[in-house]
1. Filter region 8-22 down to the residues that are in contact with a helix residue (DSSP H, G or I) (Cβ under 8 Å, 6 or more places away or on another chain) and part of a helix (DSSP H, G or I), then identify the one that is most open to solvent (accessible area, probe 1.4 Å).
2. For region 45-153, which fully contained helices (runs of 4 or more DSSP H) count at least 3 residues that are open to solvent by 90 Å² or more (accessible area, probe 1.4 Å) and at negative phi?
3. So, Glu181, is that one free of Cβ contacts under 8 Å to residues at least 12 places away in the same chain, part of a helix (DSSP H, G or I), farther than 29 Å from Gly103 by Cβ and over 23 Å from the mean Cα position of the chain (by Cα) or not?
4. Test Val186 against the criterion of being part of a helix (DSSP H, G or I), open to solvent by less than 50 Å² (accessible area, probe 1.4 Å) and in contact with a Leu (Cβ under 7 Å, 6 or more places away or on another chain), and give yes or no.
5. Could you please give the count of residues in region 25-39 that are hydrophobic (A, V, I, L, M, F, W, C), within 14 Å of the chain's Cα centre (by Cα) and open to solvent by less than 20 Å² (accessible area, probe 1.4 Å)?
6. What pairs come out if I take residues in region 30-49 that are under 11 Å from Ala61 (Cβ atoms) and pair them with residues that are open to solvent by 70 Å² or more (accessible area, probe 1.4 Å) whose C-beta lies under 8 Å away, six or more apart or interchain?
7. Run Ser188 past the list (1) under 18 Å from the mean Cα position of the chain (by Cα); (2) at pLDDT below 90 and report the number of the one that doesn't hold.
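The values are calculated or read from the model by the stated rules, or taken from the named source; none is laboratory data. Because the structure is predicted, anything quoted here is derived from the model rather than measured. Virtual Cβ from ideal backbone geometry, glycine too; neighbours counted across all protein chains shown. Note: areas computed on protein heavy atoms with side chains; ligands, DNA, RNA excluded. Shrake-Rupley method; radii C 1.70, N 1.55, O 1.52, S 1.80 Å.
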Amino acid sequence: YVVGAAFTMFFFGRLSDQSGRKPVGVAALAIAVVACGAFLAMSIVTSLALLTVARVASGLAVALASGASTAWLIETRRDAASGTRLAIVANLVGLGAGPVVAGLIASLYAPFVVMLALLVVAALASLVAKETMLEKAPVSLQPRIGVPRELRARFVSSSIGGFATFAVLGFYSALAPSVLEHAIEVRSQAIAGAVVGLLFF
């Protein structure tokens with residue numbers, strides 16, 4: 001997952017700035033459908049190759065979608081500040097809703113069927129949504145790493161805060177269900193999902 005996400009951010013991080021939010025968003029959803037299909041296939045055949053495809057494709061899709069959709073949301077507002085607030089809320093609500101919904105449907109035979117249905121709805125919504133990137137630029141896959149000098153102090157402090165926050169969230173998300181099951185003997189997937197979701201909310 002991390003390999004797929006890091007590869008995408010490194011080489012395709014600016015793609016939506018160059019070719020538009022809509023095509024990149026739709027492409028990300030298509031890759032997510034491939035990942036979902038691979039996960040679904042694993043309910044029939046257990047395969048390390050399928051699992052690898054599913055996880056790498058998931059990383060690719062999430063990294064591609066998060067950058068494009070965040071910029072897309074910001075650009076739907078008249079001022080950048082309210083758009084940024086909307087994007088932050090949407091990301092964290094999504095991160096919180098994910099474990100809650102996953103916990104509720106985990107007892108189903110194929111929860112990835114539900115995910116596939118949601119991806120189709122998201123793809124349809126993306127296709128009818130208005131493109132906000134009106135001026136296209138030549139596509140370049142050359143990585144560009146750097147922060148403008150005047151923003152470096154703010155960037156470093158924000159990065160440290162963001163890294164620390166998501167390190168704690170990731171650690172907690174990974175361990176909380178196991179602690180609930182083995183230490184407190186709560187074996188409900190719905191409760192485990194709600195506990196992880198609560199932290200993000």
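1. Pass one, region 8-22, residues in contact with a helix residue (DSSP H, G or I) (Cβ under 8 Å, 6 or more places away or on another chain): 8-9, 12-13, 15-17, 21-22.
Still in the list and also part of a helix (DSSP H, G or I): 8-9, 12, 15-17, 21-22.
On the way: Thr8: 5, Met9: 121, Phe12: 59, Leu15: 35, Ser16: 7, Asp17: 68, Arg21: 10, Lys22: 49 Å².
Per the stated criteria, the residue is Met9.
2. On the way: elements: 48-75, 80-105, 111-128.
By residue number, 80-105, 111-128.
3. Details: free of Cβ contacts under 8 Å to residues at least 12 places away in the same chain: yes; part of a helix (DSSP H, G or I): yes; farther than 29 Å from Gly103 by Cβ: no; over 23 Å from the mean Cα position of the chain (by Cα): yes.
No; evaluated as a whole, the condition is false for this residue.
4. no
5. 4
6. Close Cβ pairs satisfying both conditions: Ala32/Val62; Val33/Val120; Val34/Val53; Ala35/Val53; Ala35/Arg55; Cys36/Met115.
7. For Ser188, the failing item is (1).
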